[in-house]
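Visitor: Below you'll find the structure I mean.
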Amino acid sequence: MDNKTDFSSPLLPTSYGPNDAVDSQGKGPSSSSIPTTLIITTLVAVFGSYVFGSAIGYSSPTQSAIMRDLNLGVAQYSIFGSILTIGAMIGAVVSGRIADYAGRRVAMGFSQVFCILGWLAITFSKVAWWLYVGRLLVGCGIGLLSYVVPVYVAEITPKNLRGAFTAVHQLMICCGMSLTYLIGAYVNWRILATIGIIPCLVQLLSLPFIPDSPRWLAKAGRLKESDSALQRLRGKNADVYQEATEIRDHTEAFQKQTEASIIGLFQMQYLKSLTVGVGLMILQQFGGINGIVFYANSIFISSGFSESIGTIAIVAVKIPMTTIGVLLMDKSGRRPLLLVSAVGTCVGCFLAALSFVLQDLHKWKGVSPILALVGVLRHRIGFNI
């Protein structure tokens, strides 16, 4: 079959009628008339981001109940909390190959199967091992999602909307985590795990009805399907000739490049960029985020503060501060926000640690619970920015 597409003439007429919206450069539909298909497709994709957030937030509100019901010690529950990251590492390692070989939609569906099986294993677990298996499977699923969702959203959106649409990925992670915190404060841990299946099923059942990434289809040599998917995403009256040509040219240029080895990253010309990029990722993970996210309720209980009030306080600051960070990203720049974030997380860790030091010294007993709350909230605010 000949997969070559004739681009000598536009896919649709380049002239617009009086009712067609045209952007300021005359390149097609403006951002004020975003196609409904694009919005729905993005919402389906970011259900995966919600699943990611709910998986991260699950261990904090359920710690006491799981330890009591299954007679687990602190060390056993710590394995349950941390094994999620091991599964995420496994999922992240294979995510690129799965997404490139099978497509973005298939990769998202594959990840949701892992998540559903994991949540079911947690829901019906009677012993610690089933908890571990379930948590590991959920981790594998969100490891896949952490790569494929932002890539898919970036590939289906036009350039002028790409930043705003990809930011929804981070917002939905925050929504998933916050709502899991909030719901977990009032329902049984088995019910909370069952609730975690709902967004997985929503995305899994919706995936057949959304188009695949036009860029991936072009990369796979399915140019006619790529054009059709792009037309569907931009609207039936949109002129997609220029964008389809750009996708085709980019794909051809990419395929002509020789595949670079990972060893090539360690050349002197990339040393500074590599150090900064990897350093930021390492410092982010070693900044206490997983400890606070996974065990926030335990921190509040140990400090003598109300876990329900603490949970509500985290939910109250998390989503607004993430929204502010997204809005400021392009206006203030990345570096100033990173500096503010680093200072905020450092101060938060210091205040939380100071709270427990004062408890051990039996001093300022009335102040130490407040310090723990302020420390956790300050850390969350800094990290979310």
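Visitor: Taking a temperature of 25 °C and a viscosity of 0.890 mPa s, what whole-number D in µm²/s does Stokes-Einstein yield for the chain with Rh from Kirkwood over alpha carbon pairs?
Guide: 107 µm²/s
Visitor: Something else: Could you please report the charge total around A154, scoring K, R as +1 and D, E as -1 over all other residues with beta-carbon less than 13 angstrom from its beta-carbon?
Guide: Once positives and negatives cancel, what remains is +3.
Visitor: Now, a different point. Could you work out how much longer the chain between N290 and L339 gets when fully extended? Use 0.36 nm per residue separation minus the Cα distance between them, nm to one decimal.
Guide: Once the chain is fully extended between N290 and L339, it gains 15.6 nm.
Visitor: At 222 nm, what helix-only mean residue ellipticity would the chain give, in deg cm²/dmol to the nearest 500, using -39500 (n - 2.57) for each DSSP H run of four or more? Intermediate values should be presented prior to the final figure.
Guide: Values: 16 runs with 289 residues, N = 385.
Here the helix-only value at 222 nm equals -25500 deg cm²/dmol.
Visitor: If you take the charge dipole of the stretch 155-254 about its Cα centre, with +1 on Lys and Arg Cβ and -1 on Asp and Glu Cβ, which of L204, H169, G221 is farthest toward its positive end?
Guide: L204
Visitor: Would you be so kind as to identify which of I98, T322, S60 lies farthest towards the positive end of the dipole of the chain, taking Lys and Arg as +1 and Asp and Glu as -1 on Cβ and the Cα centre as origin?
Guide: S60
Visitor: Can I ask one more? Cα convex hull of the stretch 282-359: how many Å³ per residue?
Guide: Dividing the Cα hull volume of the stretch 282-359 by its residues yields 90 Å³.
Visitor: Next up: If amide hydrogens are placed 1.01 Å from N in the peptide plane, which non-local residues have theirs closer than 5 Å to the one on V187?
Guide: Under 5 Å from the amide H of V187: no residue qualifies.
Visitor: Still on this structure, I have one more. In whole percent, how big is the carbon plus sulfur part of the accessible area of the stretch 149-299, probe 1.4 Å, protein atoms only? All intermediate terms of the calculation are to be shown ahead of the outcome.
Guide: Numbers: 5390 of 8180 Å².
Of the solvent-accessible surface of the stretch 149-299, carbon and sulfur hold 66 percent.
Visitor: Give the whole-number value, in cubic angstrom per residue, of the convex hull volume spanned by the C-alpha atoms of the stretch 226-359.
Guide: In the stretch 226-359, the Cα hull volume divided by residue count equals 218 Å³.
Visitor: Can you tally the net charge around W119? Count Lys and Arg as +1, Asp and Glu as -1, for every other residue whose Cβ sits under 13 Å from the Cβ of W119.
Guide: Numbers: positive: R135, R190; negative: none.
After counting each charged neighbour, the total is +2.
Visitor: Semi-axes of the stretch 98-250's equivalent ellipsoid from the Cα gyration tensor, sqrt of 5 times each eigenvalue, largest first, rounded to whole Å?
Guide: Taking √(5λ) for each eigenvalue gives 35, 16, 12 Å, largest first.
Visitor: Could you let me know the centre-to-centre spacing of the stretch 268-322 and the stretch 75-95, using Cα atoms, in angstrom?
Guide: 17 Å
Visitor: Hey, another quick one. When the dipole is taken about the Cα centre of the stretch 273-385, and only Lys, Arg (+1) and Asp, Glu (-1) are charged at their Cβ, what size is it in debye, to the nearest 20?
Guide: For this selection, approximately 220 debye.
Visitor: Give me the dipole magnitude in Debye, nearest 20, for the chain about the Cα centre, with unit charges on the beta carbon: positive for Lys and Arg, negative for Asp and Glu.
Guide: Taking the Cα centre of the chain as origin, the dipole is about 680 debye.
Visitor: Leaving out ligands and nucleic acids, note down the accessible area per residue over the stretch 300-385 with a 1.4 angstrom probe, in whole Å². Could the numbers behind the result be given before it?
Guide: Details: 4680 Å² over 86 residues.
Computed with neighbouring chains in place, this is 54 Å² per residue.
Visitor: With each label point set 7 Å from Cα along the Cα-Cβ vector, what nm distance links S302 and D249?
Guide: 5.8 nm
Visitor: Taking the C-alpha atoms of the stretch 49-130, how large are the radius of gyration and the largest Cα-Cα span, Dmax, in Å?
Guide: 14.5, 44
Visitor: Using a Förster distance of 22 Å, how high is the FRET efficiency between S33 and S228, based on the Cβ-Cβ distance and rounded to 0.05?
Guide: Calculated transfer efficiency: 0.60.
Visitor: Rounded to whole Å and sorted largest first, list the principal axis extents of the Cα atoms in the stretch 165-293.
Guide: Computed over the Cα atoms, the extents are 53, 48, 21 Å.
Visitor: Further, regarding this structure: Mind grabbing the base-10 log of I(q)/I(0) for the stretch 41-186 at q = 0.12, 0.20, 0.21 Å⁻¹? Debye formula, identical points on the C-alpha positions, no solvent, two decimal places.
Guide: Cα-only, vacuum Debye calculation for the stretch 41-186: -0.49, -1.15, -1.24.
Visitor: Of the options L131, I34, V153, report the single residue whose Cα projects farthest towards the positive end of the charge dipole of the chain (beta-carbon charges: Lys, Arg +1; Asp, Glu -1).
Guide: Working it through, the farthest residue towards the positive pole turns out to be L131.
The values are calculated or read from the model by the stated rules, or taken from the named source; none is laboratory data. What you see is a predicted model, and the numbers here were worked out from it, not measured in a lab. Backbone-built Cβ (ideal geometry, glycine too); neighbour counts: all protein chains shown. These area figures cover heavy atoms from the full protein model, side chains too; ligands, DNA and RNA do not enter into them. Shrake-Rupley method; radii C 1.70, N 1.55, O 1.52, S 1.80 Å.
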